[in-house]
Amino acid sequence: MVDFKMTRDGLVLVVRDYQNLEDVLNAISTRVTQMGDFFARGDRIALMIENHVKHSQDIPRLVAHIRGLGLEVSQILIGSPQEVSEKTMKVEVRNVVEGVGKIVKKTIRSGQTVIHSGDVVIFGNLNRGAEILAGGSVVVFGKAFGTIRAGLNEGENAVIAALDLQPTLMQIAGFVSHAKGQEGVPSVAHVKGNRIVIEPFDKLDFERSD
Amino acid sequence: MGEVIVVTSGKGGVGKTTITANLGCCLAKLGEKVCLIDADIGLKNLDIVLGLENRIIYTLIDVVNGKVSPQEALVRHKIMKNLFLLPASQIATKEMVSPEDMKAIVKELSPNFDYIIIDSPAGIERGFRNAVTPASKALVVTTPELPSISDADRVVGLLENFGFSDERIKVIINRFKPHMVKKGEMLTAEDIRHTLSLEIIAVIPDSEEVIVASNTGVPVSLNGSSKIAKNFENLARRVRGENVPLENDFETFSKGFITTLKDFFSKLKRG
């Protein structure tokens with residue numbers, strides 16, 4: 001009856017067409033309690049009500065109920081959940097330096113981040129606990145053990161390459177993967193058929209869009 | 001002007017205090033005038049390891065509050081007459097001291113000493129900043145386990161943010177267990193050097209002597225019969241700029257007569 005969806009605009013609470021408002025309110029309470037520590041008090045979520053015309057008089061009660069659970073409703077969306085695509089999860093890149101590429105000639109250590117709106121090239125290792133946030137592609141000329149988020153501006157055409165690709169987490173646009181490349185083999189990760197695939201450098205097979 | 005070195009790690013319980021105490025003792029033995037500063041305010045240990053807890057009159061907090069000068073607060077070691085300790089207060093907190101205070105104290109002390117060694121608390125908060133700010137060189141202590149190495153890596157990153165270049169940061173591997181390395185169950189010194197991409201200045205084996213020494217208040221390096229005292233001496237010599245090959249640290253590990261016998265008999269049994 002109720003479900004949370006992750007979208008470009010953040011978390012959306014989708015309420016499907018219903019008969020009894022009390023049931024919906026109970027379902028929302030249960031769902032939020034289930035998610036436990038995921039929410040902090042005052043977190044903002046969007047509310048989407050299926051068949052909003054029919055239920056428009058219930059909206060104030062729904063909003064009040066959600067507020068009662070410690071969450072704020074930032075916006076009310078109309079339409080059907082089909083339009084809420086799970087693929088559109090996006091990380092906002094703030095304080096970025098404009099430019100084509102960024103070259104970093106050092107090892108990125110735990111706790112350090114490299115944030116850039118374009119492509120990022122690292123000459124050194126990316127250690128566990130370090131993170132790269134790139135608008136475009138990421139190349140690590142060394143061992144990559146940390147977290148790599150690529151294609152945050154450019155989208156799924158971005159690639160991630162490393163001499164040894166063993167990341168804690170990889171993200172290209174909205175796709176996330178915990179996969180690791182073959183140890184010691186220079187590898188490239190890219191999006192193919194709606195998921196991230198890792199291929200050794202000498203067996204690369206990009207799906208050509210041009 | 002003395003050289004100011006901070007001994008730090010990020011993770012707790014890896015042996016910062018023991019290493020600080022023994023490095024201090026060894027440098028003092030080599031004829032240097034050494035001052036140790038305990039920056040672990042509220043959780044002080046350095047005085048206990050050195051066996052000086054009953055001689056403390058003033059602490060770092062008294063210096064910060066302007067009650068006494070840094071020189072007046074120093075405690076001289078019982079055996080090593082050119083080794084001094086600036087003790088921490090157990091009842092104060094780290095927030096009562098600022099990095100600027102530490103800088104001022106070290107600046108006042110440094111003309112009188114060859115080496116000032118600061119024992120940093122665990123963590124990366126205020127206490128860490130207090131300990132690191134006055135230093136010009138850093139010794140990062142790690143044990144050969146991933147959580148410890150990961151924290152060491154984080155600390156090296158922070159040191160870089162504090163303006164330390166990689167040449168001024170050296171790694172000490174503590175609690176090294178050669179028999180586990182041999183079986184492939186523990187990371188080797190080389191693995192750690194690769195992960196941290198920094199020079200390793202000393203490898204110190206795991207030893208029960210250290211536990212006994214901490215309880216009696218006589219650091220192992222002052223105990224003539226101790227085996228790992230040699231490792232601390234190697235460390236001290238390298239800190240002074242002497243060229244002592246890292247291989248020398250592994251001499252301590254060479255098998256004793258009894259172990260060789262045991263190995264021989266276990267082989268006989270199997271064969």
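Scanning the stretch B:40-55 for residues that are open to solvent by 40 Å² or more (accessible area, probe 1.4 Å) and touching a helix residue (DSSP H, G or I) at 6+ places or on another chain (Cβ under 7 Å) yields B:45, B:53. Report, by residue number, each residue of the stretch A:108-117 that is away from every other protein chain (no Cβ under 14 Å) and either among the hydroxyl-bearing types (Ser, Thr, Tyr) or open to solvent by less than 10 Å² (accessible area, probe 1.4 Å) (or both). A:116, A:117, listed by residue number. All conditions in (1) away from every other protein chain (no Cβ under 14 Å); (2) within 15 Å of the chain's Cα centre (by Cα); (3) surrounded by 20 or more Cβ atoms within 10 Å (Cβ to Cβ) hold for residue B:105, with the sole exception of (2). Of the numbered criteria (1) surrounded by fewer than 23 Cβ atoms within 10 Å (Cβ to Cβ); (2) assigned to a helix (DSSP H, G or I), the one residue B:67 fails is (2). Taking the conditions exactly as written (without any contact (Cβ under 8 Å) to a residue 12 or more places away in the chain, basic (Lys, Arg) and surrounded by fewer than 21 Cβ atoms within 10 Å (Cβ to Cβ)), does residue A:203 satisfy them or not? It is true that residue A:203 is without any contact (Cβ under 8 Å) to a residue 12 or more places away in the chain, basic (Lys, Arg) and surrounded by fewer than 21 Cβ atoms within 10 Å (Cβ to Cβ). In the stretch A:1-24, the residues that are assigned to a loop (DSSP other than H, G, I, E, B) reach residues that are among the basic types (Lys, Arg) and modelled with pLDDT of 80 or more with C-beta atoms within less than 7 angstrom, at least six apart or across chains, in these pairs: A:1/A:16. Looking only at residues of the stretch A:118-143 that are in contact with a Leu (Cβ under 8 Å, 6 or more places away or on another chain) and more than 13 Å from chain B (Cβ to nearest Cβ), we find that the one that is most open to solvent (accessible area, probe 1.4 Å) is A:141. Taken over the stretch A:144-174, the criterion of being touching a residue at least 40 places away in the same chain (Cβ under 8 Å), open to solvent by 10 Å² or more (accessible area, probe 1.4 Å) and not in a loop (DSSP other than H, G, I, E, B) is satisfied by A:149, A:161. Highlighted here are the helices (runs of 4 or more DSSP H) found entirely within the stretch B:118-197 that include at least 1 residues which are over 22 Å from residue B:107 (Cα atoms), open to solvent by 60 Å² or more (accessible area, probe 1.4 Å) and more than 12 Å from chain A (Cβ to nearest Cβ): B:178-182, B:189-196. Annotation: of all residues in the stretch B:12-39 being crowded, with 24+ Cβ neighbours inside 10 Å and among the charged types (D, E, K, R), the one that is nearest to residue B:89 (Cα to Cα) is B:38. All told, residue B:114 meets the bar of being within 20 Å of residue B:23 (Cβ to Cβ) and touching a Gly at 6+ places or on another chain (Cβ under 8 Å). Taking only pairs six or more apart or across chains, which ones have beta-carbon atoms under 7 Å, a first residue in the stretch B:173-200 that is at pLDDT below 90, and a second residue that is open to solvent by 50 Å² or more (accessible area, probe 1.4 Å) and in a helix (DSSP H, G or I)? Close Cβ pairs (under 7 Å, with a partner that is open to solvent by 50 Å² or more (accessible area, probe 1.4 Å) and in a helix (DSSP H, G or I)) amount to B:186/B:180.
The values are calculated or read from the model by the stated rules, or taken from the named source; none is laboratory data. Since the model is a prediction, treat every value here as computed from it, not as a measurement. Positions of Cβ are generated from backbone atoms using ideal geometry, with glycine treated the same way; all protein chains shown enter the neighbour counts. Please note that ligands, DNA and RNA were not included when accessible areas were found on the heavy atoms of the full protein model with its side chains. Shrake-Rupley method; radii C 1.70, N 1.55, O 1.52, S 1.80 Å.
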